[in-house]
1. What are the ³J(HN,Hα) couplings of the range 221-237, residue after residue, when phi is run through the Karplus curve with 6.51, -1.76, 1.60 and θ = phi - 60°? Round to Hz, x for glycine and proline.
2. With a 10 Å Cβ neighbour count serving as the proxy for reagent exposure, in which order, fewest first, do Val57, Val211, Val158, Val101 appear?
3. If you rank Lys214, Lys172 by fewest surrounding Cβ atoms within 10 Å, what's the result?
4. State the answer as a single residue: which of Leu227, Pro195, Ala177 lies farthest towards the positive end of the charge dipole of the range 174-233, with beta carbon charges of +1 for Lys and Arg and -1 for Asp and Glu, about the Cα centre.
5. Note down the net charge around Ala160, summing +1 for each Lys or Arg and -1 for each Asp or Glu among other residues with Cβ under 12 Å from its Cβ.
6. Cut-off is 10 Å between beta-carbons; in what order do Val213, Val26 appear when sorted fewest neighbours first?
Amino acid sequence: MSSSSGPVLYDVAGPEEKARERRISVILALVLVALGGGLIYLLARNGAFNDRWLVLVDVPTNFAGYETRHVWQAVFRGLTNTLIAAAISLPLAALLALVLVSLRPSPIAPVRWAVVAITEFFRGLPVVLVMFFGILVLPGATQLIAVVFGLTLYNAAVFAEILRAGIAALPKGQTEAAESLGMGRFLTYRDIQLPQAVRMMMPSLIAQGVVLVKDSSLGYIVGYAELLRSVSRVADALTNAQYLLPLLTVGAAVYIALNISLSRLAVFVQRRSSFARKAPTRVVGTPPIP
């Protein structure tokens, strides 16, 4: 059957098709539960759930020379450093991306070539390598500066490419209509192209922002005391490899909770902005819209 309100790309599922989809969903859910139960059984058989997990609630003070009162104190310290690096890098990367994507259509050929070269260069490099460049190139660079340097340049290049793709996907008729109204290239870009590209590519921008937060863990390699490094230092200080599993599990859980929270926050902001744009307006002096 098809909808009578307009053309659709597919037929609406009937009762038999819906029943078949429910059966398939139940079967897949049972398979996932079975796989999860099998994994838990194997971990339990290998002793993964022994008393090693008590390290999360009972750790001696100043153990093995690593000064901390509790594992969670190290986790909080590392999480704070992770958020600091991400909070500095994200707005800087967004601003640099706006500069790059704004200069990309420049009528001056050398400017266009320079922007393309910069974007492709940093987008093609691993983030860790850019962090190492930060330590070697910037005078007196600390680990935090190196991490921010790498995250900013790499993600700025990616953000710029995402926005460029959004602008390229806009209908050409909009630009032609703006030119017919006497709008220049800059006004067309600022008032028409860029806002629509940001709204269109918002899911990709949000996903890349989450990647930026996760990539902050690469600061471990340059010695930055982010979450992963803090947890690993606790495991090293305990001088027992069996504690590595619960500590890394805590680190993974914190990363997952952080990224899910950021994703939901970004989606909430996007929905609020969409609702504000759709709100009806009225002319001054007219009665309010019921």
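Bear in mind that the values in this text are calculations on the coordinates, not laboratory data. Just so it is clear, the structure is predicted and the values come from calculations on it, not from any experiment. Here the Cβ is made from the backbone with ideal geometry for all residues, glycine too, and neighbour counts use every protein chain on show.
1. 6, 9, x, 6, 7, 7, 4, 4, 5, 4, 5, 5, 5, 5, 4, 5, 5
2. Ordered by Cβ neighbours within 10 Å, fewest first: Val57, Val211, Val158, Val101.
3. In order of increasing Cβ crowding within 10 Å: Lys172, Lys214.
4. Leu227
5. +1
6. Fewest to most other Cβ atoms nearby, the residues stand as Val26, Val213.
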